[in-house]
1. What does the helix-only formula give at 222 nm for the chain: each DSSP H stretch with n ≥ 4 adding -39500 (n - 2.57), the total divided by the residues, and the result rounded to the nearest 500 deg cm²/dmol?
2. Place a point 7 Å from Cα of Val268 in the direction of its Cβ. Which residues in segment 82-117 have their backbone N less than 18 Å from it?
3. Using a probe of 1.4 angstrom, how much of the accessible area of segment 1-154 is carbon and sulfur, in percent?
4. Tell me, what is the per residue accessible area of segment 68-223 in Å², probe radius 1.4 Å?
5. Just the ratio, please: alpha-carbon radius of gyration of segment 101-214 over 2.2 N^0.38 Å, N its number of residues.
6. Set the bar at 18 Å for Cα to Cα. Now go through Lys101/Lys123; Lys123/Lys177; Lys83/Lys123; Lys8/Lys83; Lys123/Lys187 and name every pair that lies beyond it.
7. Taking Cα atoms of segment 163-227, Rg/Rh with Kirkwood Rh, to two decimals?
8. Just tell me which aspartates and glutamates come within less than 20 Å, Cα to Cα, of Lys241; anything on the same chain fewer than 8 places away is out.
Amino acid sequence: MSEITLRKYHGLGNDYLIYDPNRNENLLQERQIEALCRRNVGVGADGILYGPFFNGEDIVVRIFNPDGSEAEKSGNGIRIFSKYLKDAGYIKEQSYVLTTKAGKTTVSFLDENGSIMRVDMGKAKFLASEIPAVGFGEEIINEAIFFCDNFYNATCVSMGNPNCVLMIEEANPKKAKQLGPYVENSKYFPNRINMQLCQVLDEGNIQIEIYERGAGYTYASGTGACAAAAASHRLGLVGDKVNVHMHGGELLVEFAEDGNIFMTGPVVYIGSITLAENFFS
């Protein structure tokens, strides 16, 4: 395999590597994604953004977790990849449409260099069939579910990817790391699931801790922030504008009259990385 070059960015500490197939000679394989994401012997990242691919007028990105599994959607990943597209000269418009495995997403740049974006994340879906989740009725809203050591009030939300939001009196990293593996791999969720512990601070602020499928504990998540805000909004605990506080920082989540959810947040460019030719050998 010849030498390859990657770009690295983060959104509130949720870091991704970008592998552009148009600027590298080789296609990535699952084992190589795992090797790149290892923090001690690889480059280290919460995932890989693989693209852009072009399908007619569509700009497509594939999103991979550190274990090599493919994710449907990532809010931070969408912002990060959009920043890369602007930096690399693929995008010059103030607004454009990006296609992920979950469908099309409209991204609007709010500053000249593309460091802050507002993303139309679509509508939150609460149907068990959309998650998917088995053993429940049509929707999973404030349902008492037993995980690990206790019953938790759970609301399951699809933001294009599956999320289980647990309303809790105090959201902290220790609890997220303890409980996360049990929720992610629960028998109720055949495709596994992302978990958010959600503490409502007031009608305009929530605090969340995140444990993601195939990644583990993460500093921030765009889809997770939207899912937790949507669950809190559905339960009548917050208003139409919610500041979501996470370990890595804050995102603004807004609810439009038509039910669409908008996420606003930053992206930081870390640098360009060139791998040794024998890295994967």
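The values are calculated or read from the model by the stated rules, or taken from the named source; none is laboratory data. Because the structure is a prediction, the values reported are computed rather than measured. Virtual Cβ from ideal backbone geometry, glycine too; neighbours counted across all protein chains shown. Remember, those area values only see protein heavy atoms, side chains included, never the ligands or the DNA or RNA. Shrake-Rupley method; radii C 1.70, N 1.55, O 1.52, S 1.80 Å.
1. On the way: 4 runs with 46 residues, N = 281.
Counting only the DSSP helices, I get -5000 deg cm²/dmol.
2. Those under the cut-off are 82-84, 113-117.
3. Numbers: 3090 of 6970 Å².
Here it works out to 44 percent.
4. Working: 6430 Å² over 156 residues.
In whole numbers, segment 68-223 has 41 Å² accessible per residue.
5. Working: Rg = 15.4 Å, N = 114, 2.2 N^0.38 = 13.3 Å.
This ratio for segment 101-214 stands at 1.16.
6. Lys123/Lys177; Lys83/Lys123; Lys123/Lys187
7. Working: Rg = 11.1 Å, Rh = 11.7 Å.
Expressed as Rg/Rh, it is 0.95.
8. Answer for Lys241, where 20 Å is the Cα cut-off: Asp120, Asp202, Glu203, Glu209, Glu250, Glu254, Glu257, Asp258, listed by chain and number.
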